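The block underneath contains the structure these notes are about, expressed in structure tokens.
The values are calculated or read from the model by the stated rules, or taken from the named source; none is laboratory data. Fair warning: this is a prediction, and the values are worked out from it, not measured in the lab. Neighbour counts are summed over all protein chains in view; Cβ atoms, including those assigned to glycine, are modelled from backbone coordinates with ideal geometry. With ligands, DNA and RNA removed, areas are computed over all heavy atoms of the protein, side chains included. Shrake-Rupley method; radii C 1.70, N 1.55, O 1.52, S 1.80 Å.
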Amino acid sequence: MNDIRLGLRLCRRHPVLSLAAIFSLALGIGANTAIFTVLNGSVLRPLPYDRPDELMVAWETRVDTPRRPVAPANFLDWRGAAAFSGLAAFDDFSATLTAYGDVASGFSRTVEAQRLRAVSASGNFFAVLGVQAALGRTMTEDDDRPGAARVAVLTDGLWHRLFGGAANVLGQTLVLNDVPHTIVGVLPASFTMPMSADAEVWMTGDRGIPRSFPFPGDITAVRDSHIITVLGRLAPGVSRSQAQSQLTSVMALLAEQHPDTNAGLGVNVMSLHEEVVGNVRPLILLLQVAVAVLLLIACANVAHLLLGQAAGRQAEMSLRVALGAERSRLVRQLLAETLLIAVPGGLAGLALAAIGVRALVWVAPAGIPRLDEVALDPGVLAFTAGMTLVTAVIFGLGPALQTARTSANDLAQIGHRVAGQRGVKRGHQAVVIGELALAQMLLVGAGLLLVSFVQATRVELGYATTDRVVAEASLAPAYLRTIDEDGRIDPARKVRFITTVLETLRGTPGVRAAAASFTAPLTGAPNRGIRIEGDPAPRPEDQPNADFQVVTADYFTTLGITLVSGRPFGPSDRTDAPRVVIVNQALADKYLAGRNPVGRVLLFGRSERHEIIGVVANARFRSVEHAADPTFYLPLEQNAERWPFLTVTTWGGTPADVRTAISQADPLQPLSRVRTIESILDQALAPRRFNTWLVGLFALTALMLAAIGIYGVMSFAVATRTRELGVRAALGAGPGELVRLVLGQGARLTAVAMAIGLGAALLLTQLMASLLFNVTPRDPLTFALVAGLLSLVALAATLIPAWRTTAINPIAALRD
């Protein structure tokens, strides 16, 4: 208690030093703990399944595509591979719920059509995952038998929402996409599947093949449509590479047997864990490097603050030794004082970590997986406690041992010798040089991310990004009923519905134009193989492909997409008119280079002929940061394929206007979401904004800590040079000369730090090249601006200790 009381008095005597040390530790420990929590929850922690290291995801590959969905027939052939104890397929989609209840007793609750996030999967899906139902059963392989009744498994959330958690839910029916599904089970509340994180209901497909949207013909024989995701569990004793080798052999055999569809295709087997977290690993590791650097700077601050304090207390220690204090007693006293800084720093750091975790989860983009699993847990608490203890021992024990090794006679002279020893000074200088160099490294990284974000906001997307409202839906099954064995529909009913919606919107005050298409900007687009009529038939592995949209006539006007040549769609492009198509500039440049596209014929699907009547500017449908893909546009009335996609876009108006128009046209047509195009763009830029904001925050914090560090070092330097500066003043040196002397010392330290930080920054920026956009890792302007900022901060931190030299009394300094 005496040690603690003395330590508290010391803190009160030097409040600025104590608060600076506590603040430094709190920032370092809090940031490190927050990022460790996110890293642990989203990346490091094993997936919540039985033997998760055995779970794999298998993709098809092409030369230009390392991860491609799998064709149904290829998946069925893969199932013969002995490397897997089980292979399952799944696909998520939007389903329309129109009724639910106990059909057996004649009671069914009809509901206003609502959208559910659904997953269609093979019957063995949950067996492969190793997941059991909390109520009833999951799907089984028997549910894949030809003619088997359709069954569904509910998530815990949907069970409570629709049935109030009632136990008699088993055997009741959901009518999804006009097809009755018998409820056979409810999943545990803890169940999660990161690749389909928002799924509400799981259902069987067609003989083990997921049916996420209507597909004509025998889906089990399809090899030219790549539409499903494959999940597998390795057989005992089999490695990922062995499984990769086996499936590669299967694909080679299939290429010989089915060259028209399988030539040039390969396979990519990767762990489910890597699939889930791989795309965020570079970001998480960058953040971990950032906060590790931050903790180093914080600990360095505490180190030289405590070393400086110890050097200033040598007279006190001399008296203690002279009065008989043992070295162990001095060590205990100094460690107790250090704990009075480390413990509050650790507790404050934990509080900051709790706030930081919530902030990270709140601002994190949708791409970071398993965010719902991120929380402070006992492991994180132990991590924080251990870090605090290590910090206290390492940085408190150093000054304590330095003092304890000194004899009583040495201590009597310590004020004149030890504080001014070159080793002590160089140690402090090395610490602050390291802090400034590390801060520069983080600032350069944050600067490059900031430039990347600014560049991304300036990209020309090819369409208007203001004053547009976008409503997305999955068409109700009533609009997709087939009329022939090829799976075609009569588009008349769909066209009437869409026309009614658009006419209502065009008559709405504030709406300048309205149109419909398949998908919204920056949400992706369907893709298919194409060919230019008259061109030589390509090899199967070189098959041209392009994205496509089915649109209404006013689509390009509504979105603000520029017509480059030819004509737009018009009222004459109806069902009974010659088939036409409009292509974008990217398709014309790639497949019609040097030729006039207008008048050429585009072939796709069942060799359908569509004459190219126009070329429009490129519009980015997949990503802000990737150039527009080759794309073609079809008029709505000339497409009879059974696609469920629908997006309504207005120029002007409000989301409520669009909801009202669709509801009036068909109350049973559910909407997926309605939002402005600004919100779509904001969401698309969210990951880059998150990266920039987070790394920038750490960089500025590091700069702040480095400023505290250089302030502490220069204050220590002024304190230890009091006699020298007093002599200089007594011999005629003016205040300005003394200030310049100290500023010069700070400038030399900053220059050395910047030279070292430059090399560290060059190394870091090469490692983060994949996170940059439209800026080189060695952008000279960013490096120059960071160097200027660091110099100004270092100058400001040095100026206060330098100014104190003007108050030195030469007589008092000489007397000391």
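Quick one: is LEU285 crowded, with 22+ Cβ neighbours inside 10 Å and either modelled with pLDDT of 75 or more or part of a helix (DSSP H, G or I) (or both)? So LEU285 does not fit the description; no. Among the residues making up segment 762-794, those that are of a type in the set (A, V, I, L, M, F, W, C) and under 12 Å from LEU436 (Cβ atoms) are VAL786, ALA787, LEU789, LEU790, VAL793, ALA794. Scanning segment 189-234 for residues that are closer than 28 Å to ASN168 by Cα, of a type in the set (A, V, I, L, M, F, W, C) and touching a residue at least 60 places away in the same chain (Cβ under 8 Å) yields PHE191, MET193, ALA197, ALA199, VAL201, TRP202, MET203.
Looking only at segment 797-816, filter to residues that are touching a Phe, Trp or Tyr at 6+ places or on another chain (Cβ under 9 Å) and hydrophobic (A, V, I, L, M, F, W, C); which one of those is modelled with the highest pLDDT?
Result: ALA797.
The residue list ALA221, ALA243, ALA189, ALA235 contains one member that is open to solvent by 30 Å² or more (accessible area, probe 1.4 Å) and either at pLDDT below 90 or farther than 26 Å from ASP102 by Cα (or both), which is ALA221. Condition first: open to solvent by less than 40 Å² (accessible area, probe 1.4 Å) and either modelled with pLDDT under 90 or among the hydroxyl-bearing types (Ser, Thr, Tyr) (or both). Now tell me which residues in segment 673-687 satisfy that. Once the filter is applied, which keeps residues that are open to solvent by less than 40 Å² (accessible area, probe 1.4 Å) and either modelled with pLDDT under 90 or among the hydroxyl-bearing types (Ser, Thr, Tyr) (or both), segment 673-687 yields LEU685, ALA686. Going by the conditions given, is GLY396 modelled with pLDDT of 80 or more, open to solvent by less than 40 Å² (accessible area, probe 1.4 Å), of a type outside the set (S, T, N, Q) and assigned to a helix (DSSP H, G or I)? For GLY396, the condition - modelled with pLDDT of 80 or more, open to solvent by less than 40 Å² (accessible area, probe 1.4 Å), of a type outside the set (S, T, N, Q) and assigned to a helix (DSSP H, G or I) - is not met.
Going by the conditions given, is LEU154 of a type in the set (A, V, I, L, M), surrounded by 18 or more Cβ atoms within 10 Å (Cβ to Cβ) and at pLDDT 95 or above? Taking the combined requirement at face value, the residue satisfies it. Inside segment 567-585, can you point out the residues that are small (Gly, Ala, Ser) and either open to solvent by 50 Å² or more (accessible area, probe 1.4 Å) or at pLDDT 95 or above (or both)? Of everything in segment 567-585, just one residue is small (Gly, Ala, Ser) and either open to solvent by 50 Å² or more (accessible area, probe 1.4 Å) or at pLDDT 95 or above (or both), namely SER572. In this structure, is VAL742 over 23 Å from LEU27 (Cα atoms), among the β-branched types (Val, Ile, Thr), surrounded by 19 or more Cβ atoms within 10 Å (Cβ to Cβ) and in contact (Cβ under 8 Å) with a residue 24 or more places away in the chain? Spelling it out, VAL742 is indeed over 23 Å from LEU27 (Cα atoms), among the β-branched types (Val, Ile, Thr), surrounded by 19 or more Cβ atoms within 10 Å (Cβ to Cβ) and in contact (Cβ under 8 Å) with a residue 24 or more places away in the chain.
How about segment 688-709: which of its residues are open to solvent by less than 30 Å² (accessible area, probe 1.4 Å) and over 16 Å from LEU294 (Cβ atoms)? It would help to see each step written out before you state the result.
Within segment 688-709, the first condition is being open to solvent by less than 30 Å² (accessible area, probe 1.4 Å), and the residues that meet it are 688, 690-692, 694-696, 698-699, 701-703, 705-707, 709.
Scanning segment 688-709 gives ARG688, PHE690, ASN691, THR692.
When VAL501, VAL495, VAL451, VAL469 are screened for being touching a Gly at 6+ places or on another chain (Cβ under 8 Å) and β-branched (Val, Ile, Thr), only VAL469 passes. Restricting to segment 189-230, give me the number of residues that are assigned to a strand (DSSP E or B) and acidic (Asp, Glu). Residues flagged as assigned to a strand (DSSP E or B) and acidic (Asp, Glu) within segment 189-230 amount to 1. Take ALA492 and tell me if it is within 24 Å of ALA640 (Cα to Cα), among the aliphatic types (A, V, I, L, M) and surrounded by fewer than 15 Cβ atoms within 10 Å (Cβ to Cβ). Criteria met by ALA492. The single condition from (1) open to solvent by less than 50 Å² (accessible area, probe 1.4 Å); (2) within 29 Å of the chain's Cα centre (by Cα) that ASP206 fails is (2).
No other residue among ALA546, ALA593 is open to solvent by less than 60 Å² (accessible area, probe 1.4 Å) and of a type in the set (A, V, I, L, M) apart from ALA546. Of the residues making up segment 752-769, those that are small (Gly, Ala, Ser) and either more than 52 Å from the chain's Cα centre (by Cα) or surrounded by fewer than 15 Cβ atoms within 10 Å (Cβ to Cβ) (or both) are ALA755, GLY759, ALA769.
Condition (residue is more than 33 Å from the chain's Cα centre (by Cα), more than 30 Å from THR654 (Cβ to Cβ) and polar (S, T, N, Q)) applied to segment 737-747: is it met by at least one residue? Checked against the condition, which is being more than 33 Å from the chain's Cα centre (by Cα), more than 30 Å from THR654 (Cβ to Cβ) and polar (S, T, N, Q), segment 737-747 yields at least one hit. Counting the residues of segment 596-620 that are within 38 Å of the chain's Cα centre (by Cα) and either open to solvent by 30 Å² or more (accessible area, probe 1.4 Å) or closer than 22 Å to ASN639 by Cα (or both) gives 7. The criterion of at least 3 residues that are touching a Leu at 6+ places or on another chain (Cβ under 7 Å) is met, among helices (runs of 4 or more DSSP H) falling completely within segment 703-816, by 722-730, 735-767, 780-804. If you filter segment 658-672 down to residues that are surrounded by fewer than 21 Cβ atoms within 10 Å (Cβ to Cβ) and not aliphatic (A, V, I, L, M), you find that the one that is nearest to the chain's Cα centre (by Cα) is SER672. One residue stands out among those in segment 311-329 that are farther than 12 Å from LEU6 by Cβ and open to solvent by less than 70 Å² (accessible area, probe 1.4 Å): the one that is modelled with the highest pLDDT, which is GLY324.
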